Amino acid sequence: MTAVILLACVLFALGVLGLLLRRNFLFIILSLEVMINSAAFLWVGASVYWGSAEGQVMFLFVAAAAATEMAIGLALLIAYDRLFKTSELG
Amino acid sequence: MLGPSVLFSVSATLAVFSTLMAMISRQAIHALLYFILSLLSLSLILFDLGAHFAAALELLIYAGAIMVLFLFVVMLLNPTQELPRKNLWLPGSLFVAFLAELIWLMPGKASLDAAQVINLSEVWVLLFKKYGVLVELSSFLLLAGLIAAYRIGRK
């Protein structure tokens, strides 16, 4: 279980790292995806630890929220690219 | 639960390393391919933990749907970009490690790190009996996302 928590934390930290390092719209969305994914992974880890299925139900809802967020984020990226002819921010 | 198995350790290393490569690689398409590899190894970890349903969902939703959406957007944004030729030993070796894990899993290995396997029916019963309202709400969320993406993406 310690390994699961450690892995989720490391993946989340990598997502934060990408969010701070990159100034590209696409990479920022990708970093958000990494962070959401690590949080969802921790849900499943907790579900396995407690032997209860509820964590996996929550994993499904997190995945649905992440899919919605990705769809809107990518639509924003396309709109941004159409407006400024680049996907670099700032 | 005992310490993590070999499958868990190798997959975790693979996931962390390919996520790191995804974060620092220069080309968007390379980052996406590295991230897909990271999702595949995370799915192997979920299988190893005994969460088979979550492992399948990770493949279907994340590696299947969301990453294909990303690839479409990348191809839409710069379709004629010439990618520089890179040396292939790093992604190649990551891929070979992943393939070795799959081949090692072939003869029907059980979920090694699982305290108990939580099967599909358990999750579904809970999902539609206890959390039925949340299922409806997330369908509202997906519909709202669809409408918003359509409105934003329109010219």
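The values are calculated or read from the model by the stated rules, or taken from the named source; none is laboratory data. All of these numbers come straight from a predicted model, not from anything done at the bench. Every residue, glycine as well, gets a Cβ built from its backbone with ideal geometry; the counts of neighbours run over all protein chains shown.
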Please identify the pairs in which a residue from region B:64-91 that is more than 17 Å from B:Leu39 (Cβ to Cβ) and in a helix (DSSP H, G or I) has its Cβ atom under 8 Å from the Cβ atom of a residue that is modelled with pLDDT of 75 or more and not hydrophobic (A, V, I, L, M, F, W, C), counting only partners at least 6 apart or on another chain.
-> B:Leu77/A:Asp81; B:Leu77/A:Ser87
Output yes when any residue across region A:31-43 is acidic (Asp, Glu), closer than 20 Å to B:Val68 by Cα and surrounded by fewer than 19 Cβ atoms within 10 Å (Cβ to Cβ), and no when none is.
-> no
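Is it the case that region A:15-31 has a residue that's without any contact (Cβ under 8 Å) to a residue 40 or more places away in the chain, of a type in the set (Lys, Arg), at positive phi and out of contact with any Cys (no Cβ under 8 Å at 6 or more places or on another chain)?
Quick first cut of region A:15-31, residues without any contact (Cβ under 8 Å) to a residue 40 or more places away in the chain only: A:15-22, A:27, A:30-31.
Still in the list and also of a type in the set (Lys, Arg): A:22.
If we keep only those that are at positive phi too, we end up with none.
Checked against the condition, which is being without any contact (Cβ under 8 Å) to a residue 40 or more places away in the chain, of a type in the set (Lys, Arg), at positive phi and out of contact with any Cys (no Cβ under 8 Å at 6 or more places or on another chain), region A:15-31 yields no hits at all.
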Kindly provide the set of residues from region B:31-55 that are surrounded by fewer than 24 Cβ atoms within 10 Å (Cβ to Cβ) and free of Cβ contacts under 8 Å to residues at least 12 places away in the same chain, ordered by number.
-> none
Hey, A:Arg23 hits all of (1) at pLDDT 90 or above; (2) more than 11 Å from the chain's Cα centre (by Cα); (3) surrounded by fewer than 23 Cβ atoms within 10 Å (Cβ to Cβ); (4) not small (Gly, Ala, Ser) but one; which does it fall short on?
-> (1)
